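Have a look at the structure that comes next, please.
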Amino acid sequence: MKKIAVISGKGGTGKTMITGALATLAKGDLVFADCDVDAANLELLFEHEIETTEAYRGMQVADIDQDLCIQCGNCEEYCRFGAIEYRDERFYVDPVKCEGCAVCTLVCPADATAMKDRESGKIFYSRTDRGPLAHARLDPGSGTSGLLVSEVKKRVNERAGNRDLLITDGPPGIGCPLIATVTGMDAVLIVTEPSTSGLHDLGRVVKVARNFGVDIFVAINKYNLEESVAARIEKYCEDEGIPVVGRIPFDPMVIEAIRNRTPVTAYDCPAADALREMWETLASRLERG
Amino acid sequence: MKIVVASGKGGTGKSTFSANFAWSISRGRDVVLVDCDVEEPNLHLFFSAGKSESGVTMPIPVFDTGKCDFCGKCGEFCRYGAIAVLPEKIMFFDDLCHSCGGCRIICPKEAISETERVIGKVWDAPVDEHLRLITGVLDEGEPNGIPVIKAAKEAAEGNDLVIYDASPGTACPVIETIEGSDYVVLVTESTPFGLHDLRLAAEVVRKLCIPAGVVINRSDGEDDETEAFCREAGLDIHMKIPFDREIARLQSRGDLFSVAMPEWQERFFELFEDICIRTGGAP
Amino acid sequence: MKMCITAKGDTPDAQVEERFGRAPFFIFHESEQDTYTAETNVFADAAGGVGPRSAQVLIDHGATVLITGQLGGNARRALEGAGIEVYQAVTGSTVREAVTAYRENRLNRIL
């Protein structure tokens, strides 16, 4: 099975739109994973039926047993995250601020503090027309986590069977969730857009992807909105030896398609043509790779 | 008064809004604008001004291998995997450390002390006599931006009107930015993706009990679904910024569209006055 | 010599796991006695810092060779610091096959 992840340094570049298009263009049996766990949007493009829902447990959280607490205030004094609150003559843990370090359990003389599991999101496994989809949702206020990404990938690998292609919608940024996404992939498609910040973030994400020995491809979305910056991106890619496999024009049909919850490739429009061309280039390169 | 500009989704034009909003208000009164999007701060790209810089640090452990007997208790305690104990060597991973101080407490040999490590900086730039821009910058490769956000917020303390540009999403850094503010402006775009993430952001401000309103960016007039959600959630839509190639072009070159299009300067100021009325503050 | 192989299951016939820190099992192989011992990786589902924490497990067991798939940056540093040699297994091979390939010098050394 070939494994490709669609990623981007900057948010809002059209990563999910392109992932959706790839899913409709690819031949053969697919599985897909939405690893953009902070803002999982891939499910909005495909009719899906959730088959299983599991709780996701991230970092543990401290808890104070009020019956054992002797009100010494050690936990509040030593907590560096301001997660212990004193109100109504009692100490409480603010679960949003608690980073799960367990220092309070070290300094409590009364054994009143303990670390507890907490649910910080959900992992779903769904069925779509184009194949099984693993996706997840992190609760608002929970830290981003490579672990949740790994859990989503684990679900999808369990069900991959003999399918031909795994398509992954990755998270923006270059942190832990991205690294967890790229691990184990054959190739990454980096989606960028012609703006100064787009070019800047492309450079950062390429640096990270290089560490994983994956094939790197670039797609420039809305390339004709600012052609001078698009030309700088092309130059950067040429210097780095990275193939630009897609140049997708700005096209109002893209937003129309998203509103209709349909991949844009279902329409006859310039963006869809460009995406088809991109997929052909990408498919032949993946085949060779 | 403290106003936060936030968005559930990246790339909605939140920074463009913040920069134009703050600049327009500053034509009528003093404003401090704080860039709390410390992973990708870019408000400074809109303004040219000389700046002063101060470092942001966090404490990390230092191991005295003369006192250490390599018992391994610190590594065992650390829930972030920041310490590996070899038979005659300690390895410390500073990018995994959360500065909780636990290793120092648990060490039976008192072999651990602390030092400060630089993880980012705060820039302070007087744009002109009415607008000051404070920017939090997290160094590349650093995973935890919270201390930098705290430092940037502190630098703006004591001013009558502060506008904070939060990072996208609904994770810890956004909560850190929103906490203690008087009003939140949620910037969204009218696609199902934008709406999906607006729902999450609206949930956060509702939980934190902070009044909020919505700005729809790049609107093409088909905003029915977003409008329906806002009605249901009790969020007023303050403003729609249309999709406009001229605005897009000005923005990708790092220009403020409210400078080139003065009618927008008035609209942004009216929005500010509206927020003042809602929060009971004086403009 | 003691080596560690990351595995999807707890027997020598299990497939090699390509992730290091999040491998479900570590299988330790003693080359002199030709024995295999499996240990559940308690950090497989930990929220963070799994690379160095898993490296600590190898250090504590006194393993000097690791056969796995891919390494993150922190795991690499920890293993390098501990002087553990790391080899990349062929995708889809079993633990036993990986050990044989190692003996016959057929594995790619990545650290």
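Filtering region A:161-187 down to residues that are crowded, with 20+ Cβ neighbours inside 10 Å and either of a type in the set (Gly, Ala, Ser) or touching a Pro at 6+ places or on another chain (Cβ under 6 Å) (or both), which residue is modelled with the lowest pLDDT?
A:173
Quick grid of which residues meet (1) among the aromatic types (Phe, Trp, Tyr); (2) on the phi < 0 side of the Ramachandran plot; (3) assigned to a strand (DSSP E or B):
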{"site": "B:48", "(1), (2), (3)": "no, yes, no"}
{"site": "B:58", "(1), (2), (3)": "no, yes, yes"}
{"site": "B:66", "(1), (2), (3)": "no, yes, no"}
{"site": "B:81", "(1), (2), (3)": "no, no, no"}
{"site": "B:85", "(1), (2), (3)": "no, yes, yes"}
{"site": "B:96", "(1), (2), (3)": "no, yes, no"}
{"site": "B:99", "(1), (2), (3)": "no, no, no"}
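Give the residue that is modelled with the highest pLDDT, with candidates limited to residues of region B:224-243 that are more than 27 Å from the chain's Cα centre (by Cα) and within 14 Å of another protein chain (Cβ to nearest Cβ).
Per the criteria, the residue is B:228.
Sticking with this one: Just to be sure I understand, how many residues within region A:251-275 are among the basic types (Lys, Arg) and surrounded by 15 or more Cβ atoms within 10 Å (Cβ to Cβ)?
Summing the residues that are among the basic types (Lys, Arg) and surrounded by 15 or more Cβ atoms within 10 Å (Cβ to Cβ) in region A:251-275 gives 1.
When the residues of region B:270-283 are filtered to those that are over 22 Å from the mean Cα position of the chain (by Cα) and over 14 Å from residue B:211 (Cα atoms), which remaining residue is surrounded by the fewest Cβ atoms within 10 Å (Cβ to Cβ)?
The extreme case among them is B:282.
Follow-up question, since we're still on this one. Is at least one residue of region C:37-60 over 30 Å from residue B:144 (Cβ atoms), in contact (Cβ under 8 Å) with a residue 40 or more places away in the chain and surrounded by 15 or more Cβ atoms within 10 Å (Cβ to Cβ)?
Scanning region C:37-60 turns up no residue that is over 30 Å from residue B:144 (Cβ atoms), in contact (Cβ under 8 Å) with a residue 40 or more places away in the chain and surrounded by 15 or more Cβ atoms within 10 Å (Cβ to Cβ).
Suppose we filter B:213, B:221, B:194 for residues that are over 20 Å from residue B:22 (Cβ atoms) and outside any helix (DSSP H, G or I); which single one remains?
On the way: B:213 fails: over 20 Å from residue B:22 (Cβ atoms); B:194 fails: outside any helix (DSSP H, G or I).
After ruling out the rest, the residue left standing is B:221.
Can I ask one more? Give the residues of region B:189-203 that are touching a residue at least 24 places away in the same chain (Cβ under 8 Å), touching a Lys or Arg at 6+ places or on another chain (Cβ under 7 Å) and crowded, with 18+ Cβ neighbours inside 10 Å, sorted by residue number.
Of everything in region B:189-203, those that are touching a residue at least 24 places away in the same chain (Cβ under 8 Å), touching a Lys or Arg at 6+ places or on another chain (Cβ under 7 Å) and crowded, with 18+ Cβ neighbours inside 10 Å turn out to be B:189, B:193, B:194, B:197.
Continuing with the same structure: Quick one: in region B:25-36, which of the residues that are out of contact with any helix residue (DSSP H, G or I) (no Cβ under 7 Å at 6 or more places or on another chain) and crowded, with 20+ Cβ neighbours inside 10 Å is farthest from residue A:9 (Cα to Cα)? Step through it out loud before you land on a result.
Keep residues of region B:25-36 that are out of contact with any helix residue (DSSP H, G or I) (no Cβ under 7 Å at 6 or more places or on another chain), which gives B:26, B:29-30, B:32.
So of that shortlist, the ones also crowded, with 20+ Cβ neighbours inside 10 Å come out as B:26, B:32.
Numbers: B:26: 32, B:32: 29 Å.
Here the residue is B:26.
Take residue B:143 and tell me if it is within 10 Å of another protein chain (Cβ to nearest Cβ), in contact (Cβ under 8 Å) with a residue 40 or more places away in the chain and in a loop (DSSP other than H, G, I, E, B).
yes
Also: Would you pick out the residues in region A:246-283 that are within 19 Å of residue A:193 (Cα to Cα), among the hydrophobic types (A, V, I, L, M, F, W, C) and away from every other protein chain (no Cβ under 11 Å)?
A:248, A:253, A:264, A:271, A:272, A:274, A:275, A:278, A:279, A:282, listed by residue number.
Go through region B:45-81 and report how many residues are under 27 Å from the mean Cα position of the chain (by Cα), surrounded by fewer than 18 Cβ atoms within 10 Å (Cβ to Cβ) and either within 12 Å of chain C (Cβ to nearest Cβ) or among the basic types (Lys, Arg) (or both).
1
Let me ask you something else. Which one of A:91, A:46, A:81 is away from chain B (no Cβ under 11 Å) and under 26 Å from residue B:7 (Cβ atoms)? Explain how you work it out, then say what you get.
On the way: A:91 fails: under 26 Å from residue B:7 (Cβ atoms); A:81 fails: away from chain B (no Cβ under 11 Å).
The match here is A:46.
While we're on this one: Scan region C:75-101 for residues that are within 24 Å of residue A:211 (Cα to Cα), without any contact (Cβ under 8 Å) to a residue 40 or more places away in the chain and not aliphatic (A, V, I, L, M) and jot them down.
Of everything in region C:75-101, those that are within 24 Å of residue A:211 (Cα to Cα), without any contact (Cβ under 8 Å) to a residue 40 or more places away in the chain and not aliphatic (A, V, I, L, M) turn out to be C:76, C:77, C:80, C:81, C:83, C:85, C:87, C:88.
Out of the residues in region C:1-35 meeting the condition of being part of a strand (DSSP E or B) and without any contact (Cβ under 8 Å) to a residue 60 or more places away in the chain, tell me which one is farthest from the chain's Cα centre (by Cα).
C:35
Restricting to region A:228-245, what's the tally of residues that are more than 11 Å from every other protein chain (Cβ to nearest Cβ) and out of contact with any strand residue (DSSP E or B) (no Cβ under 7 Å at 6 or more places or on another chain)?
Going through region A:228-245 one residue at a time, the tally reaches 8.
Based on what the data block shows, is residue A:201 of a type in the set (D, E, K, R), assigned to a strand (DSSP E or B) and in contact with an Asp or Glu (Cβ under 9 Å, 6 or more places away or on another chain)?
Values: of a type in the set (D, E, K, R): yes; assigned to a strand (DSSP E or B): no; in contact with an Asp or Glu (Cβ under 9 Å, 6 or more places away or on another chain): yes.
Judged against the criteria, residue A:201 is not a match.
The values are calculated or read from the model by the stated rules, or taken from the named source; none is laboratory data. These numbers come from a predicted model, not from an experiment. Reconstructed Cβ throughout: ideal geometry from the backbone, glycine too, with neighbour counts over all protein chains shown.
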